[in-house]
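Worksheet for the structure shown next.
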Amino acid sequence: MARPAPKDSLEAYKHLSPDSGFPTIIHPHFNPKIASHVPPDPIREEITPPKDRAFFADPAKASLFSVAKPVDLSESIGTLLEGMQLSQLDGKQLDELAALVDERGVVFFRDQDLDTEGQVKLFEHFGTLDKHPAQKDQKHVTINGSIVDWRNVSNYTLWLNAEFHADTSFEINPPSYSLLRMEEHPPVGGDTAWVSQYGLYDALSDHLKKFVGGLHAVHTSRLQYDTIIDSWGGEPNRPPIDTHHPAVRTHPVTGLKALNVNPGFVTGFAELKKEESDQLLQFFKLHIHSADDHYVRWKWAVGSVAMWDNRVTIHRVIPGNYPASSRTGIRTTVFGEKPYFDRQSESREQRISRLAAEKAKKSNENGVEHTSELSIHASNGVNLGAS
Ligand SMILES: [Fe+2]
């Protein structure tokens, strides 16, 4: 009798989108620990999350900025909000915070008095709480230190641990917002870095933008699933999945294009042959790791908080030698929409250029000299300039 094709034994093949190619990773059934694990929860179905709170925000964010001073940490990404407590914000201010996170990618806070209960309550304002496949608590996950460096461990685990990723980007509905609050932290080490996917898209040549805009990235939980069982001794809640998402996506609130590729969970491109796919993914690793102009690095302390938008940023913890147990953070996450790509949407640079041209034209028509700072508004009224 002929041996069955490998795909016949792969659960993943039952869950591929119609435009799919193939999962590039063969499940390691030879590993009994992995093969014998039976996840208690089923594979998720697509959901429609509640409307993003940023749609309800005042584009000027007057209420939020009446209590908080924004300090941009780089041109492309990251704003520190000073002089405020998250625990004191009302619903209107939280909506404006969501809009700010959509525009700036990640927003930081120091010396916050939130506790876990308060954090969960605050984050429920932004949508339906998501649950990581390795998460035991229904509402939050504990994040420890990570001294693991994928450059050292990739000889025995295929998952690029601590590489740049968007949280659980393999889900059918990957998370929109995440918030991480640090409860314990070493004096040095354990920084987190974020990179803007708006910026990564704009940094491509026009030809590559067009090409990548026609591709789907294969986001998989398979490699992390294996690592959770084999390396962390954990028991994932759900079976591993491969999901094909547009390699360029449109942000529903800002209407801007963002690259949707991360080396932490993307294993290839569905429409390409494997060698083509591998080389393109290799290029994106270089593209991401050389994007110093679209990067921000955050030094944590006890009471520090970061809130980010996984739809337009990727992040990684910087590997180090500090004791992993000396770093404890509480993370909450909410479901986002199924990623989509609207070819008519603008990139961030296109938006800025268009608005500058419109403003200059208006100034000329009115005979007014253009001296004021450029105010950048999206077509839906969301302000792109944080400060
Ligand atoms: Fe993460």
Which one is surrounded by the most Cβ atoms within 10 Å (Cβ to Cβ), of the residues in the range 92-121 that are touching a strand residue (DSSP E or B) at 6+ places or on another chain (Cβ under 8 Å) and over 13 Å from THR79 (Cα atoms)? GLN119
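Can we say ALA291 is under 26 Å from ASP242 (Cα atoms) and touching a residue at least 60 places away in the same chain (Cβ under 8 Å)?
no
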Looking only at the range 109-146, count how many residues are within 16 Å of the ligand (Cβ to nearest atom) and part of a loop (DSSP other than H, G, I, E, B). 9
Is at least one residue of the range 288-301 basic (Lys, Arg), surrounded by fewer than 22 Cβ atoms within 10 Å (Cβ to Cβ) and within 16 Å of the ligand (Cβ to nearest atom)? yes
Does ARG348 fit the bill of being basic (Lys, Arg) and either surrounded by fewer than 21 Cβ atoms within 10 Å (Cβ to Cβ) or within 14 Å of the ligand (Cβ to nearest atom) (or both)? no
Is it the case that ALA324 is within 16 Å of the ligand (Cβ to nearest atom), at pLDDT below 95 and either more than 30 Å from PHE211 (Cα to Cα) or touching a Leu at 6+ places or on another chain (Cβ under 6 Å) (or both)? yes
Conditions (1) part of a strand (DSSP E or B); (2) buried (at least 23 other Cβ atoms within 10 Å of the Cβ): number failed by ARG311: (1)
Among the residues of the range 254-275, are any away from the ligand (no atom under 16 Å from the Cβ), in a loop (DSSP other than H, G, I, E, B) and buried (at least 23 other Cβ atoms within 10 Å of the Cβ)? yes
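The values are calculated or read from the model by the stated rules, or taken from the named source; none is laboratory data. All figures in this text were calculated on a predicted structure; none of them were measured in a lab. So basically every Cβ, Gly included, is an ideal-geometry build from the backbone, and we count neighbours across all protein chains shown.
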